[in-house]
Amino acid sequence: MRVPIIAGNWKMYKTPKETRQFIEQFQSQVKNIQHKEVIICPPFISIPAAVETLGQSMIQVGAQDAHFCNDGAYTGNISPVMLREIGVRYVIIGHSERRQEGENDEIINRKIKNVLNNGLKVIFCVGETLIQREKNATESVLQVQLMQGLQGIAVGDLSRIIIAYEPVWAIGTGKTATPSQANDVHQFIRQIIGHKYSALQSEEIRIQYGGSVKPENIQLLMKQPDIDGVLVGGASLQVDSFLKIIHYDQTE
Ligand code: PGA
């Protein structure tokens, strides 16, 4: 019922030339993806190269951030209006690497609203740090991130939001939450959505897991009933490993 969604977050990797080379190799091997969404999120500067090289492909292009205003005196920033014009369909908002640089829940909420107002879709990242998990604060931290991030967002916009649960302690560390640990948190996220919106929304919202996703752990993660996809950092940078992740259901 929930279409699986696999996204690659390239972070600050790959120039426009490297982006073209990656997609040329990659594209021919993902022609027949059905009942799955695949997204690549390159750095801003490499987005046009990705969009051009993908052409009419089913693979969509996302950005890793967008400003909460459409234009203005915001040196160094990019707005959703600009991203939409160059072919972006999704924007990652609230990634922990940006939260660590000072982005708070209020800014994240404003960014989500502005992305939605511009007709784009959001990958909204939430997740606890190791210290928070050790203090048993995972649920309270996620509840605050979700409630504040989604404040004022209408039920009708929820179908354009994907939630990505990314435990901070699992990002780029090689440590993955066990599939059942991740599934428990996904269930908790569904409960929050159910309370805030309705049982239908909690069933329909897609929740990705992110944090050291690799070809070796993708199958077990995707077998969990509440995991609807993955947000992949490091393993999305090589054609081979990203392909294995995308084709997780063909290698069993
Ligand atoms: P990782 O990154 O797969 O390299 O752990 C995931 C992310 O930050 O989205």
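The values are calculated or read from the model by the stated rules, or taken from the named source; none is laboratory data. It should be emphasised that the depicted structure is a prediction, and the values quoted were computed from it without experimental measurement. Cβ: placed from backbone, ideal geometry, glycine included. Neighbour counts: every protein chain shown. The protein model used for the area step is the full one, side chains on, heavy atoms only, and it has no ligands, DNA or RNA in it. Shrake-Rupley method; radii C 1.70, N 1.55, O 1.52, S 1.80 Å.
Tabulated data for the structure shown
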read-out: Residues that are open to solvent by less than 40 Å² (accessible area, probe 1.4 Å) and either more than 16 Å from the ligand (Cβ to nearest atom) or in a loop (DSSP other than H, G, I, E, B) (or both), drawn from segment 1-15; value: Pro4, Trp10
read-out: Residue under evaluation Cys125, criteria (1) assigned to a strand (DSSP E or B); (2) of a type outside the set (Val, Ile, Thr); (3) modelled with pLDDT under 95, criterion not met; value: (3)
read-out: Verdict on Thr53 being of a type in the set (S, T, N, Q) and open to solvent by 70 Å² or more (accessible area, probe 1.4 Å); value: no
read-out: Filter result for the condition that a residue is at negative phi, more than 16 Å from the chain's Cα centre (by Cα) and more than 15 Å from the ligand (Cβ to nearest atom), over Lys175, Lys196; value: Lys196
read-out: Meets criteria (in a helix (DSSP H, G or I), open to solvent by 20 Å² or more (accessible area, probe 1.4 Å) and within 25 Å of Cys41 (Cα to Cα)) for Gln181; value: no
read-out: Single match in Arg98, Arg84, Arg110, Arg89 (criterion: open to solvent by 50 Å² or more (accessible area, probe 1.4 Å), within 16 Å of the ligand (Cβ to nearest atom) and either farther than 21 Å from Ile192 by Cβ or out of contact with any strand residue (DSSP E or B) (no Cβ under 7 Å at 6 or more places or on another chain) (or both)); value: Arg98
